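One structure is given below, encoded as structure tokens.
The values are calculated or read from the model by the stated rules, or taken from the named source; none is laboratory data. Since we're looking at a predicted model, the values are computed, not measured. No Cβ is skipped: glycine too gets one built from the backbone with ideal geometry, and neighbour counts run over all protein chains shown.
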Amino acid sequence: MNPPCLQRRHIGLLAAALLSGCATVPGPASAQRGLLPDFADLAERVLPAVVNIAVTAEQTATQLPPELRGTPLERYFRDRLRNRRQEVSGAGSGFVIDPTGYIVTNNHVVGSATRVVVALQDGTELAARVVGTDELTDLALLKVEPRVPLAAVSWGSSSTTRVGSWVLAAGNPFGLGGTITSGIVSARGREIGAGPFDDFIQTDAAINPGNSGGPLFNAAGEVIGINTAIYSPSGASAGIGFATPSDLARPVIEQLRRDGRVERGWLGVSVQDLVPEDGRAARRGVLVAGIERNSPAGRAGLRQGDVVVAINGDRVETSRALVRTVAAVAPGQTIRLTVLREGRERELPVQVGRRPGQG
């Protein structure tokens, strides 16, 4: 420890330096510039490609007031409401991926819309047609016919995104118009019960109603996700938002653009993860819990109780991984399943079918 006289001397020298202007001590503004990013240039570059989406849909007005149920007036009002239709409106966000007018958004934004209007950042409104939708990934592709090429953004790789990386969310929250918020990637690979392809990026960038379908940008201005859902007790942003990763969305959008629909492979089995027994580690693989009649798996000889350990030689350890791998195979192609049955491995060729409800 320095003697008191030396400590006083150091303090005296520092005070003299400050008074003379010889010492440089970073102030709050310069400290912030060194530690926090400035997104102004990035926002200026990407916002012109972010659009607002207004939709109109018709639905049958069949909602009977609860107080009329069971009264003599119930039948009268049901007859009047049966053929009455009403228009409902909604709003969301999207982004341009091609200057010729292709726009990505969420399926739940367009839904069963009878009319879709896209508003650009400069206020221009363009009628849009729905090229195709995919309910399982909640994605949709729209097309407008602009007079001049539109500002567009490019896809980035979500697989290279790291937890803690800065991201920007853009969209149309609460119908206010083009808005951008910043945050970080809070987690990857989140499952929120939305479907078999849950693999969400979680972010604390503010995402609110109306942001659905908007892009999630990395610091390079590339789209690494499509803002899809939020967790919120109040309905407003609670710092927990979810985006569909670009590596999942991009091939879906490419199929929609090419074919207007998405076809996925299907085996016709119900599967579940293996669980440990009596404290012992579980075997690696996926248990076949059931097989649908006349399904591709049934015709190939797969049995209930088989354990699938590999597809085309690549190990598979979870039911979710099996479903995704098979879904990525084009219907009609043959895959090779390695299954464990009665303690022995055997290989079964299976011609993959088309997932029900698709084409």
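Here are a few things to note about the model shown:
- When we screen 253, 207 for residues that are among the β-branched types (Val, Ile, Thr), in contact (Cβ under 8 Å) with a residue 24 or more places away in the chain and assigned to a loop (DSSP other than H, G, I, E, B), the only hit is 207.
- Looking across the stretch 94-130, the residues that are among the polar types (S, T, N, Q) and under 12 Å from residue 150 (Cβ atoms) come down to 100, 121, 124.
- Residue count for the stretch 110-157, restricted to those that are surrounded by 13 or more Cβ atoms within 10 Å (Cβ to Cβ), without any contact (Cβ under 8 Å) to a residue 24 or more places away in the chain and among the hydrophobic types (A, V, I, L, M, F, W, C): 1.
- Odd one out for residue 263 among (1) part of a loop (DSSP other than H, G, I, E, B); (2) over 24 Å from the mean Cα position of the chain (by Cα); (3) within 29 Å of residue 138 (Cα to Cα): (2)
- Test set (1) in contact (Cβ under 8 Å) with a residue 40 or more places away in the chain; (2) closer than 21 Å to residue 134 by Cβ; (3) not charged (D, E, K, R) - residue 229 fails condition number: (1)
- Every residue from the stretch 241-278 that is surrounded by fewer than 18 Cβ atoms within 10 Å (Cβ to Cβ), within 29 Å of residue 163 (Cβ to Cβ) and out of contact with any strand residue (DSSP E or B) (no Cβ under 6 Å at 6 or more places or on another chain): 247, 251, 254, 273, 275, 276
- Subset of the stretch 300-350 (residues that are farther than 26 Å from residue 247 by Cα, free of Cβ contacts under 8 Å to residues at least 60 places away in the same chain and part of a strand (DSSP E or B)): 307, 338, 339, 340, 341, 344, 345, 346, 347, 348, 349
- Test: residue in the stretch 172-189 that is part of a loop (DSSP other than H, G, I, E, B), of a type in the set (D, E, K, R) and touching a strand residue (DSSP E or B) at 6+ places or on another chain (Cβ under 9 Å): no
- Scanning the stretch 264-304 for residues that are touching a Lys or Arg at 6+ places or on another chain (Cβ under 6 Å) and at pLDDT 90 or above yields 264, 266.
- Scanning the stretch 221-240 for residues that are farther than 16 Å from residue 105 by Cβ and either at pLDDT 95 or above or under 10 Å from the mean Cα position of the chain (by Cα) (or both) returns 221, 222, 224.
- Candidates 156, 164, 101, filtered to the one that is within 25 Å of residue 57 (Cβ to Cβ) and among the small types (Gly, Ala, Ser): 101
- Breaking point among (1) surrounded by 18 or more Cβ atoms within 10 Å (Cβ to Cβ); (2) in the same structural domain as residue 188 (by TED's automatic domain parsing); (3) of a type in the set (Val, Ile, Thr), for residue 286: (2)
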